[in-house]
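Report on the following structure.
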Amino acid sequence: MGPYSTQEVESRLHAGQFNADCWVWARGAKEWSPMAEWQILVERQTQVEQWSKEAHQPNWYVDFGRGDKPTGPINRNELVAQLVKLKFGAQLEGVKLWGSGLKTWTPLFEVTDILDLVGISRREVPRAPLMGEVAVTRSGTKSEAHVAKAMSVSLNGMGLKHCSFLRAGDHVQISVKSFELAQIVHAQAVVLYVGKNGDCGLRFTEISAEDRAMIGDHVRHFLESDQAAA
C-alpha cells in the first residue's frame, strides 16, 4: 500500500490502521524496516531532504578577508567549489561565512558542515548522511567511552555531533552503530576539528577492508538514490 506522505503514515498509526506487524519502506532506504523503526526513518528522511534542498538554495555569503565586498548570495555547492579552489592555495585563513542558520559572520573553521565538505573534495571522496550512535574513546587512556551522534560518513572519515569533550589532534577509537549499516564499524581516527557547537570531523587512521567496503556501499546507495530522486 502507498505511497503515503509522512503525515498520512502518522495519522494511520494513531488510528490503529498500522501496527507492529507492518513493514515500511521510504525513498533511499536499502530495505523494508519494521514499523517500530518509523521515527528513525522519518529522522533520516528529513536529514536527506535537508541536505538535497540546501545544496541548491542561494542562501550563503562569503567574505574572503581581502577587504572586498562579500560574495553572495550563492548556494552551498557554489560556495564549496570556491572554497576548494582556495584550499589548494592555502588561502582559507580569514574567510568568514554567513547564512543557512548562522546569526552572524562566522569564521569558516567554525562552520563544521561546510568545513567538512571543503576539507575533502566531494567528487574525490563522496559522503552521505548517517543516522546512528558512535562510542568514542581517546586512544591510550582508560577513560569511559563517550557517546556521540553520527552526522555523515565517507571512506576517509566521519562527521559527529556532541563532541565538545574532544580537541583537534586527539587520536580516538570509535564504534559506529547504525541501522543503515549491516554491522558495527570499528575504527581508529584522528580529530581534524571541533566546532564551538560540539560538531567534529574525524579522519580514519585504521579501519578494516570489510568495514570500509560497507561504508562505500552505504555512500554509493545514497548517491544513486539522490540522483534518481533528482
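FYI, it's all coordinate maths here, none of it is from the lab. Only a predicted model underlies this, so the values are computations on that prediction, with no experimental measurement involved. FYI the Cβ positions are ideal-geometry reconstructions off the backbone, even for glycines, and counts take in every protein chain you see.
Observations on the model:
- Panel note: the C-alpha atoms of the range 1-42, placed on their principal axes, show extents of 28, 19, 19 Å (largest first).
- The modelled label-to-label distance between Lys103 and Asn59, using points 7 Å beyond Cα along the C-beta direction, is 1.7 nm.
- The range 183-199 residues near the modelled His146 label - backbone nitrogen below 16 Å, point 7 Å along Cα→Cβ: 189-199
- Computed extension gain for Ala209 through Gln7, at 0.36 nm per residue and net of the alpha carbon distance, reaches 68.6 nm.
- Pairwise FRET efficiency - Lys161 versus Leu86, Cβ, R0 = 35 Å, nearest 0.05: 0.85
- Percent RCO, i.e. relative contact order, over the chain, from Cα pairs under 8 Å lying at least 6 residues apart: 13
- Sorting 8-15, 180-187, 140-147 by average packing, meaning the other beta carbons within 10 Å per residue, from highest down gives 180-187, 8-15, 140-147.
- Rounded to two decimals, the Cα-based Rg/Rh of the range 127-229, with Kirkwood Rh, is 0.97.
- Histogrammed with a bin width of 10 Å, the alpha carbon distances of the chain distribute as 7, 29, 32, 23, 8, 1, 0 percent, first bin at zero.
- 20 Å reach of a label modelled at Gln183, 7 Å along Cα-to-Cβ, counting backbone N of the range 16-41: 30-31
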